[in-house]
Each structure stands twice: as C-alpha cells, then as structure tokens.
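Here the structure comes first, spelled out in structure tokens, and everything after it is commentary.
The values are calculated or read from the model by the stated rules, or taken from the named source; none is laboratory data. These numbers come from a predicted model, not from an experiment. Note that we place each Cβ from the backbone using ideal geometry, even for glycine, and neighbour counts take in every protein chain shown.
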Amino acid sequence: MTRSKSRAAKLAIGRAAVDKHTGSSPACASAGGRPIAELAGLRRRLASMLYESMLLLGVLALTFLVPYLILGQVADFVPPGWLLWLHVFAVLGVYFVWYWRRGGQTLAMQTWRLKIVAGADGRLASVGRCGLRYALAWPSVLLGGVGLAWALVDRDRQFLHDRLAGTCIVLLPVAPKG
C-alpha cells in the first residue's frame, strides 16, 4: 500500500470515528448531525500547548519582565505579588482572547493546524466564550492538570475547559501545495 493510500485510509477511519461520536454529542456538529471538522487529537493538542508555553516566555518577557525591571530600577518600587499575578493573568488573557477571536488560532495552533470553534455551530467563538475558555483554563491546568486529564474520559476527548465553555479544538486540513 502506498503512503498516500495509507493516509487516505487513516483519514477515512478518523472521519468514521468522528461520525460515530457526533450522534452522542453536540460538540462540533452542525444542525444536520454531520461533523463540521475533525476533532483534534490529544497528543497534537498537548504538543501545541508545550510549544505555546515556549512562545509565551517571549510575550511575558516583553510585557511583564521588562516593564517591572525598569520600574524597579528607576522608581525602586516592587509591586505586591497579587498585582504581579493579576498583570500576568491580564496580559495572557489579552493575548489568547485576541488570537482566538481574530482567527481561532494562536501562533502555536497555526503551526499544529488547530483551531478553536464554538461547539454548537463551528464558527469562531465569541469574545465572551473565548474569555470564559481562558478563565476556565487556569484552574483546569493549575489544579494538577485535572482539566487536561478530563480528556481521557470525555466522550469527545475534549478538555474540561472546552466542554464547559462550549468550544472545541478542531484539526484543520493540510493546505494544498503549489
């Protein structure tokens, strides 16, 4: 079997699995019950999160570390810890919500061909839904990763914060070459 035939067979099997799951769950299904897109796999989503964490180091260095270093050197002032955490939460919130609302993808998600959509209709998630997803992701990750481990028992393999926010992460098709 050639590589392209093997890939086509895997895609057909994957689409059949998605079809099987859409009957029991409204996540990522259109009104007719047909899947809007293939749900992204757990390994791909976790790899994207790892890559995203490396990119966020640069975002935080630019918007957090540099201003507070300057503030500490010039004004000899160190803000309290709660204010620093609030600043991190706000900066990352603006980053994620802006990217998710702009095109459904952060930089890491573009690399891994992932996109966040509203689970009910497959459109870009609203600002409120993106904000809710972001706020729910914090305890999902920080409480021992319980929201990520939820994907192991979820019928659609979605993270807990996606399930609660009404969003899902889909895998985008490979762009044609040429």
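Can you say whether Met54 is under 15 Å from Thr111 (Cβ atoms), modelled with pLDDT of 50 or more and more than 14 Å from the chain's Cα centre (by Cα), as far as the supplied structure shows?
Yes.
If you take the residues of the stretch 132-178 that are without any contact (Cβ under 8 Å) to a residue 60 or more places away in the chain and at positive phi, which of them is nearest to the chain's Cα centre (by Cα)?
In this case the residue turns out to be Gly166.
When the residues of the stretch 92-122 are filtered to those that are over 18 Å from Arg44 (Cα atoms) and among the charged types (D, E, K, R), which remaining residue is surrounded by the fewest Cβ atoms within 10 Å (Cβ to Cβ)?
Filtering the stretch 92-122 for residues that are over 18 Å from Arg44 (Cα atoms) and among the charged types (D, E, K, R), the one surrounded by the fewest Cβ atoms within 10 Å (Cβ to Cβ) comes out as Arg102.
Select from the stretch 65-91 the residues that are among the aromatic types (Phe, Trp, Tyr) and either surrounded by fewer than 12 Cβ atoms within 10 Å (Cβ to Cβ) or closer than 25 Å to Pro139 by Cβ (or both) and list them in ascending order.
Those that are among the aromatic types (Phe, Trp, Tyr) and either surrounded by fewer than 12 Cβ atoms within 10 Å (Cβ to Cβ) or closer than 25 Å to Pro139 by Cβ (or both): Phe77, Trp82, Trp85, Phe89.
More than 13 Å from Met49 (Cα to Cα), of a type in the set (Gly, Ala, Ser) and assigned to a loop (DSSP other than H, G, I, E, B): is that true of Gly93 in this structure?
Considered against the rule, which asks whether it is more than 13 Å from Met49 (Cα to Cα), of a type in the set (Gly, Ala, Ser) and assigned to a loop (DSSP other than H, G, I, E, B), Gly93 comes out as no.
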